[in-house]
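One structure is given below, encoded as structure tokens.
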Amino acid sequence: MNKKQPLKNPVEKILRMDRIPHIWCPGCGIGTVVTSFAEALRKEEANLDNIVIVSGIGCTGRVAGYIKLDSFHTTHGRAVPFATGLKLANPETKVVVFSGDGDIAGIGGNHLIHAARRNMDMVVICVNNFNYAMTGGQVAATTPLDANASTAPFGNFEYPFNLPYLVEAAGGTYVARWTALHLRRVTKSIQEALNRRGFSFIEVITPCVTLYARRNRLGDGLNLLKYYYDKSEIKHNADTKDLTISYQGELIVGKFVDKEKPTFLDAMNQHLSKKLGDKFQPYGEEK
């Protein structure tokens with residue numbers, strides 16, 4: 001009798017299995033978010049040849065190296081403008097930025113707001129771990145007030161970004177937030193973002209288990225992730241002004257913004273066709 005072949009992971013074709021095991025710390029939620037992303041692609045039966053992953057520097061920035069797609073690992077804070085260039089060069093490509101809060105909202109914060117303002121057709125998945133985890137646990141743009149960090153041993157006194165509010169105010173057309181343990185909901189949000197046009201932003205909360213959690217005595221591994229999952233409350237369509245994350249307080253998650261408006265290329269083509277008339281040939285019909 002022929003022995004049965006061992007079952008393969010259903011998302012194995014989307015991951016670079018030759019690079020597994022990954023480098024993330026035990027208990028880190030980044031791998032969980034990657035699983036949700038891979039599951040979203042599997043469920044959508046997406047054309048993997050038409051999807052591009054861009055990441056920057058940092059723990060989440062390593063995601064690009066584990067996804068078996070055309071992947072680009074860019075310099076710190078420059079994932080969004082790099083993705084913008086890819087999208088404009090090949091408008092039919094679906095571009096996904098997959099990086100951390102330090103890379104997207106700290107070092108690259110200026111690029112984030114302008115990509116949202118332009119309504120660039122891309123998906124941004126921001127894994128928020130509340131600090132600069134790869135370089136020592138320093139205060140980041142998202143560190144909650146009073147939280148302990150390596151550069152704030154007596155507690156953080158800087159006001160943090162409310163990322164959903166920032167992105168909506170800048171012009172983003174799809175905004176959602178979940179924790180790393182909202183597996184199915186993260187997957188569904190990614191599916192929705194992949195199937196729409198415009199600037200989509202998904203924040204996933206997964207506090208750094210090695211630095212942030214230890215310094216703030218929040219437990220480790222699954223206990224840490226469960227701590228934030230248990231403190232979360234789903235409020236779809238909540239006013240993004242009310243979504244600031246307090247230190248060890250309640251966490252509001254859900255889908256907050258989902259609207260339509262012309263993308264950057266739509267607006268450019270519409271404007272130039274009015275100005276140039278028949279002389280203008282539309283560029284990059286997006287799908």
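Each of Pro21, Leu211, Asn148 was scored by the projection of its Cα onto the charge dipole of the chain, and the greatest displacement toward the positive side belongs to Pro21; charges sit on the C-beta of Lys, Arg, Asp and Glu. Sort out for me the Cα centre separation of segment 220-287 from segment 94-156, rounded to whole Å. Between the Cα centres of segment 220-287 and segment 94-156 lies a distance of 16 Å. Every Cα-Cα pair of the chain was included, and the share exceeding 29 Å stands at 32 percent.
Over segment 23-277, Cα pairs under 8 Å with separation of 6+ residues give a relative contact order of 19 percent. The alpha-carbon of Lys261 sits under 20 angstrom from the alpha-carbons of these lysines, leaving out residues fewer than 8 places away in its chain: Lys87, Lys94, Lys274, Lys287. Of the peptides 116-125, 269-278, the order by per-residue mean of other Cβ atoms within 10 Å, starting with the highest, comes out as 116-125, 269-278. Averaged over residues, the count of other Cβ atoms within 10 Å places the peptides 172-178, 10-16 in the sequence 172-178, 10-16, highest first. Rounded to the nearest Hz, the phi-derived 3J(HN,Hα) couplings of segment 239-252 under the Karplus curve 6.51 cos²θ - 1.76 cosθ + 1.60 (θ = phi - 60°) are 5, 5, 5, 9, 9, 4, 8, 8, 5, 6, x, 5, 10, 8, where x marks glycine and proline.
The residues neighbouring Asn223, those whose beta-carbon lies less than 15 Å from its own, together hold a net charge of +2 under the Lys/Arg +1, Asp/Glu -1 convention.
Eigen-decomposition of the gyration tensor built on the alpha-carbon atoms of segment 63-110 gives equivalent ellipsoid semi-axes of 18, 14, 7 angstrom, largest listed first.
Each Lys and Arg adds +1 at its Cβ and each Asp and Glu adds -1 at its Cβ; summed about the Cα centre, segment 163-265 shows a dipole of about 200 debye. Summed over all non-identical Cα pairs, the Kirkwood treatment of segment 133-280 gives a radius of 17.2 Å. Considering only alpha-carbon pairs that sit under 8 angstrom and 6 or more positions apart, the relative contact order computed for segment 16-174 is 17 percent. Each of the peptides 220-231, 67-78 was scored by the mean count of other Cβ atoms within 10 Å over its residues; in descending order, highest first, they stand as 67-78, 220-231. Here's how it looks for Phe201: its modeled amide H is under 5 Å from those of Val124, Tyr174, Val175, Ala176, which are all 5 or more places away or on a different chain. Rounded to whole Å, the principal axis extents of the Cα atoms in segment 27-156 read 49, 32, 20, largest first.
Taking 17 Å as the straight-line reach from the Cα of Lys68, the aspartates and glutamates in range (excluding those fewer than 8 positions away in the same chain) are Glu12, Asp18, Glu39, Glu44, Glu45, Asp49. Taking the Cα centre of the chain as reference, the dipole from Cβ charges on Lys and Arg (+1) and Asp and Glu (-1) amounts to some 560 debye.
Taken together, the values in this text are just the output of simple stated rules run on the coordinates, not laboratory data. Nothing here was measured: the structure is a model prediction, and the numbers come from that model. Here Cβ is always computed from backbone atoms with ideal geometry, including for glycine, and neighbour counts include all displayed protein chains.
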